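FYI, it's all coordinate maths here, none of it is from the lab. Please read all numbers here as calculations on a predicted model, not as lab measurements. Please note: Cβ atoms are built from the backbone with ideal geometry, for glycine as well, and neighbour counts cover all protein chains shown.
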Amino acid sequence: MFNNGFQLTKFFISSFYSKPKQPMLKVVLIIAFFYLFLQLMTINIAIFYLGDTKEFIFYNYLISNLLVYLLVIYFSISLVFHYYEYGILTHLPIAPRKIIISKILSIIFVLTVVSAVIQIPSILLLGFKTKFTELIKLVLLVPISNILTILLILFILSLINSFRHYFVNKTAYLVVNITITFLITAMVCYSVLHYVGKHLTFNNLKLDFTTLITLKNSLSNVINQIYELVLKTPFIGNVLTTFTSGDFSYLFVIDLLGMIGLSALLFILIVKINSIHYFKNGTIEVNQSSSKKTKVYHVESVWANYFQRELWVINTEAYFKMQLVLGAVLSPILTLILLFSFQAGWISEIINITKPGYFEIYFAYAVLIMSCINNTSGTPFSREGKYYYLINSLPLNKKKIYFSKVFLASIPSGIAVIVSFIIFMLFGYMNMGAFLMMIIILMLVYCYNLLTPVFDMLNPSTEWENPSVAVKSNPNVLVSLLFGLPILVVVILTHFILLWAGFSIGVSTITIFLITVLITFCVYTWFTKFYFSIK
């Protein structure tokens, strides 16, 4: 029985966490992991030398759990609560309980291994300083706390999954899943910031860049202030004190046993909840995936027919529709968080925005970045998958296909920008300058979406079985940024250079408006008259 369970767990690990087939994607994945490892190692080394051992243990514990928290949200939604294996395993004599256990064990194993690899520099640093008590505590604490974090998120999502049969389609279910996890993250961040704002003035967290010595001292002060503040929080502070102290105590053992007991309880509940609904939810998802309803409207407009074709591509996978919905709602949600934070005084105490009109400019460019950094505009041809070859084999106009994809990618981004500025208006900040900035942002979004699909059109990644591979795990997403971001960076830098040079808000904004109109016209003309004729 144990061997069968191990083989099933191995099946999920090898099927869903295996290395990608494309050489370029392998290279991108290795670079991304190495970059993450290097970043976290640099942060850990900096904290080790700027603070004391207690602070080092605390921040290591915090960063490790934050990383696992973000990874488990991604992998749980794309694996544990998806039923890609349903058609393979449902006909075999395997109980749903074993399948769920194997899926959960696979995600626990992968994420704890990733976390353990990142802990290697921390272990070496503690060993180098002969802090063996803290080292043992770290080795014991981090994996157990990581597993507890994983199971907490899985338990919350399992409760949502138990109502899976009430959702009319797969897209709505995926959007609710991601929205709930995002709201949980936002609530945690808001609670932390609210607590920090009450008990710690932001003046204590400001950095002095005058000299290296003053910078080092101010960094040490920030690390110490945050650590001392967390230690004062009820219950959490008591637990962290036992974890970060330089000696063993019975409280440390009790806390560890409590975390293990809570993890075991959550594991049992997660398995039970998901096992009960496994066949029902799997059947619903398969039926919804296999019985897609696509309507074709007979219209005289050629552009309307090409746009219908793009809608058909989006309808082939619920994951594609979910990406469009997220592109439309993510920026307004972040706008609400930004404006609430600004009204609470958290932003103004860290960033000095005293001159009238400056906040509108900062806000507009924040909305621009939030609306452009998405996966939909850079991978429109990869989403076609095996149907991509129809573009070359049928007498279709490639220019119309390209522009219809640009138009479809611009719709959710445009909605996100307009809704964000409506929220901005409801908070009482809207004026003529902000309205002009909104027009500028909409033009820049269109410019960005005109350029980002170029590389994906030339090098589409069409050999995929999981739709997330076509969008989220596609290296074309990273390359597309090189095509679209330069224009955004140039416009933003030009705007701030004009302001720093002494130009007024009105003059600089009108100048940027004219520059953006010129850039949009040039890029659009280049595509319509030259690019496709050259190709």
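Cβ-Cβ distance of Leu257 and Leu183, R₀ of 22 Å, FRET efficiency by 1/(1 + (r/R0)^6): the value works out to about 0.10. Cα gyration tensor of the range 446-535, axes a ≥ b ≥ c as square roots of the eigenvalues: rounded (a/c below 1.5), prolate (a/b > b/c) or oblate? Oblate.
Among the listed pairs Lys98/Lys280; Lys321/Lys398; Lys321/Lys529; Lys386/Lys529; Lys170/Lys386, those whose Cα-Cα separation exceeds 25 Å are Lys321/Lys529; Lys386/Lys529. The Cα atoms of the range 365-418 define a convex hull whose projected area, averaged across directions, is 4.1 nm². A Förster radius of 51 Å combined with the Cβ-Cβ distance from Phe407 to Lys280 puts the calculated FRET efficiency at roughly 0.85. Working note: Debye formula, equal point scatterers on the alpha-carbon atoms of the range 136-186, no solvent; log10 I(q)/I(0) at q = 0.18 Å⁻¹ is -0.65. Take the convex hull of the alpha carbons in the range 381-450; its mean projected area over all directions comes to 5.5 nm².
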